[in-house]
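The block underneath contains the structure these notes are about, expressed in structure tokens.
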Amino acid sequence: MKAVSQQITRSPHNKITCLSQLGNSPLAVAGLLIVGLLCIVALSAPWLAPYDPQAIDTWHILESPSKAHLFGTDALGRDCLSRLIYGARISLLVGIVAVGIATVIGTILGSLAGFYGKWIDGLIMRFVDIILCFPTIFLIMAVIAFLEPSILNIMVVIGLTSWMGVARLVRAEFLSLKQRDFVMAAKISGASNARIAFSHILPNAVAPILVATTLGVGGAILTESALSFLGIGVQPPTPSWGNMLTEGKDNLEIAWWLSMFPGLAILVTVLGYNLLGEGLRDALDPRIRSD
Amino acid sequence: MQDWKILSRITFSSTITFNMSIFLYLIKKIFTLGSTFLGITLISFMVMHLAPGEPMNLQTDFNPKMTPEMRDRLRAQYGLDRPLYIQYLQWLKGLAVLDLGLSFSPDRRPVWDKIKERLPVTLLINILAIGLILVIAVPLGVAAAVRHNSIFDQITTVLVFVAYAAPAFWVALLLMLYFGVYLGWLPISGLHSLMGYTQMSGWEKLLDWCRHLIMPVLVSALGGLAGLSRYTRSSMLEVLRQDYITTARAKGLPEKKVIYKHALRNALLPLITILGLSIPGLIGGSVIFESIFAIPGVGQLMWTSVMARDYPLLMGNLVIVSVLTLLGNQLADIGYALADPRIRTGVKIDD
């Protein structure tokens, strides 16, 4: 009996062939390359950056891009390229941790809602609707006004305000997967509710969660840079692409490079994550698969 | 004679069922509105009490003349000595009559007044942005769907991805730099010119406003444009796959009629919901461009109140904006119900 139910409960997807589908789309490959490049840059920052990002050099203030300073210097003489590279670390860190928090919360709440249904589902979904009424930036600003702006606070707050999409996705997956035969087989063979949810249903719901997580990192990076730009995110002198743009705004007419490069970095990074996410979605979607 | 009686009975009862279903729908809507509003106020109230210490510490801590008796009096005045749920109910009572307290800033004006004078500006820009989004994104999405997988489709897809990934404040800065500083065509701040505004004629004033509003509206619309055109495209593609489109083509209808008369109407329905869902995003985005372009709206008010730690203003702003978003979403829902007769009569929609 156990052997039979084990056979039925084996995962219907073979993830390896799905992921290799990514190679079919040039845009998705481009996204993967961009994300990979970003990770390498962020990890090797101390070796890659030509100067110390906090090194103030008052002899070379607001210099336009030159051979010595490839992306120019800012108002305190700090090298922009080095600040950009270290900024990649911050963006990546905030993006991944914030999305990690959001995914954990969203998966837990979504699976509870989808699995148990009825009033738990109603309650959680009403909660999601209520939070969705707050414009995200307003809510984050209000919370940060009461706590102090710091990298940890931002990561937690961004995570706490972006789990709703994941929760809805997970709930939808659980609702549809609950009806499948392998769940029935698991129940018959005496598996507890928790085991059914975690060992049987959840592994099959991973695909949309993966897509949402990848797309979410892009969104989290955009939110963090917006907050840093407004002055309530990463505080100077720690370099973040967002607060580099604040300096860019202050020196708009005389130093175009301060505004151009950090923004370009954000654009390319978020583009990379979005392309990768969309590519993953197409690769893991059972309807479009060529086999 | 019998048939007439049966017919009239059927018509009569179906009218009653029709009215009953609308009535029930409205009752459900009001219930949703009420409970969501309570949820919004509850969460806002909890956020208010996140800060360590008491809300009035900012006024009292740095004042050397503050005595314990004065502290107690302030505490009683703000009702902070009562249990939490009483404080919540008191705040709720104030909300109902739009009494959101006094601002902490030196002018000590009522919070509602400050919000009231800035709300129209933000609403104006957001409505204009929604208009711009509709005018550009819908035709773009439809054209991309009709020319599926062509060069046009691929180019617009790439452009949409780039627009999605570009940070709004960066685009605003670039626009300011190019059109404001280098070319000098458009002014870079404010709602209207400061010099000589009062001497302008009606038409000149309108033109002045337009010149000032172009860049903020453009920046506000950018993200929504990308999203909506993408969604229109996929909605249109979904509709074009349906059987009734094949039927229309088989009947020999000209392609233009098939697309614009039959497919478009059904593809546009989900857009109403999407527009409703993008309202919080638009209002949230107004924080950024209002700060950059120095537009006196609720977004900029939120930012300055956060900077100044003006808590009553902050919370009042949050609640008002969230309630407006709630109303906007419900309006979108009602609009969708009006547009799609299947919702009203409760017919099950298959996937």
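No lab work stands behind these numbers, since they all come straight from the coordinates. Note that the structure is a prediction, hence the values are computed from the model and not measured. Because the Cβ atoms are built from the backbone with ideal geometry, glycine has one as well, and the counts that use them run over all protein chains shown.
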Query raised in the report: aspartates and glutamates within cross-link reach of B:LYS116: Cα-Cα under 13 Å, excluding same-chain residues under 8 positions apart?
Result: B:ASP99
Report summary line: Nearest 10, in degrees from 0 to 90: the angle of helix A:241-250 to the longest Cα principal axis of chain A is 40
Query raised in the report: Rounded to the nearest 0.05, what FRET efficiency do B:LEU183 and B:LYS251 have when you use their Cβ-Cβ distance and R0 = 41 Å?
Result: 0.15
Query raised in the report: Just the C-alpha atoms of the protein assembly as shown: what Rg/Rh do they give, with Rh taken as the Kirkwood radius?
Result: 0.99
Query raised in the report: What is the spin-label model distance, in nm, from B:LEU102 to A:LYS178 if the labels are put 7 Å beyond Cα along the C-beta direction?
Result: 5.4
**Report entry** Local electrostatic count at A:THR73 - Lys and Arg +1, Asp and Glu -1, tallied over other residues with Cβ under 9 Å
**Finding:** -3
Query raised in the report: For region B:115-345, what is the convex hull volume of its Cα atoms per residue in Å³?
Result: 164
Requested in this report: Kindly state, to the nearest 0.05, the FRET efficiency for B:LYS5 paired with B:TYR25, given R0 = 22 Å and r defined as their beta-carbon distance.
Outcome: 0.10
Report summary line: The ³J(HN,Hα) series, computed from each phi in region B:225-242 with the Karplus coefficients 6.51, -1.76 and 1.60 at θ = phi - 60°, rounded to the nearest Hz and given as x for glycine or proline, is 4, 4, x, 5, 5, 4, 5, 4, 4, 6, 5, 5, 4, 4, 5, 5, 7, 5
Requested in this report: Quantify how strongly other chains surround peptide A:143-153 by giving the mean number of their Cβ atoms within 10 Å of each of its Cβ atoms.
Outcome: 3
Requested in this report: Please give the net charge around A:ALA212, taking every other residue with its beta carbon less than 13 angstrom from that of A:ALA212, where Lys and Arg add +1 and Asp and Glu add -1.
Outcome: +1
Report task. Given the peptides B:121-128, A:133-140, arrange them by the average over their residues of other C-beta atoms within 10 Å, most packed first. Result -> A:133-140, B:121-128
Report summary line: Burial-style ranking of B:171-179, B:225-233, B:250-258, average other-beta-carbon count within 10 Å with highest first, yields B:225-233, B:171-179, B:250-258
Query raised in the report: So what are the ³J(HN,Hα) numbers for region A:133-147, from phi and the Karplus equation (6.51, -1.76, 1.60; θ = phi - 60°), rounded to whole Hz, Gly and Pro as x?
Result: 6, 7, x, 3, 5, 4, 4, 4, 4, 5, 5, 5, 5, 8, 9
Requested in this report: Extending each Cα 7 Å along its Cβ direction at A:SER150 and B:ASP340, get the distance between those two points in nm, one decimal.
Outcome: 4.7
Query raised in the report: Of B:LYS93/B:LYS205; A:LYS118/B:LYS29; B:LYS93/B:LYS114; A:LYS187/B:LYS29, which ones are farther than 30 Å apart at the Cα?
Result: B:LYS93/B:LYS205; A:LYS187/B:LYS29
Report summary line: Computed from every Cα-Cα pair in chain A, P(r) in 10 Å bins starting at 0 and rounded to whole percents is 6, 23, 27, 22, 13, 6, 2, 0
Query raised in the report: 222 nm [θ] for the protein assembly as shown, helices only, -39500 (n - 2.57) per DSSP H run of 4+, per residue, to 500?
Result: -23000 deg cm²/dmol
Report summary line: Footprinting proxy, A:TRP59, B:TRP185, A:TRP241: sorted fewest to most Cβ within 10 Å, the residues are A:TRP59, B:TRP185, A:TRP241
Query raised in the report: Relative contact order for chain A: what is it in percent, counting Cα pairs under 8 Å that are at least 6 residues apart?
Result: 27
Query raised in the report: Using Cα pairs under 8 angstrom and six or more residues apart, how large is the relative contact order of region B:115-345, in percent?
Result: 28
Report summary line: Scalar couplings 3J(HN,Hα) for region A:103-120 by Karplus 6.51 cos²θ - 1.76 cosθ + 1.60 (θ = phi - 60°), nearest whole Hz, x for Gly and Pro, are 5, 4, 4, x, 5, 4, 5, x, 5, 4, 5, x, 6, 7, x, 6, 6, 5
Query raised in the report: Given a Förster radius of 41 Å and the C-beta distance between A:ARG126 and B:TRP203 as r, what FRET efficiency does 1/(1 + (r/R0)^6) yield to the nearest 0.05?
Result: 0.25
Query raised in the report: Taking K and R as +1 and D and E as -1, what net charge do the other residues with C-beta under 12 Å from the C-beta of A:TYR86 add up to?
Result: +1
Query - B:ARG265 versus B:GLU238: modelled label distance in nm, points set 7 Å from Cα along the beta carbon direction - result: 1.9
Report summary line: Using the Kirkwood formula on alpha carbons, the hydrodynamic radius of region B:152-260 in angstrom works out to 17.5
Requested in this report: Just tell me how shielded B:171-180 is by partners: mean number of partner chain Cβ atoms within 10 Å of each residue's Cβ, no decimals.
Outcome: 3
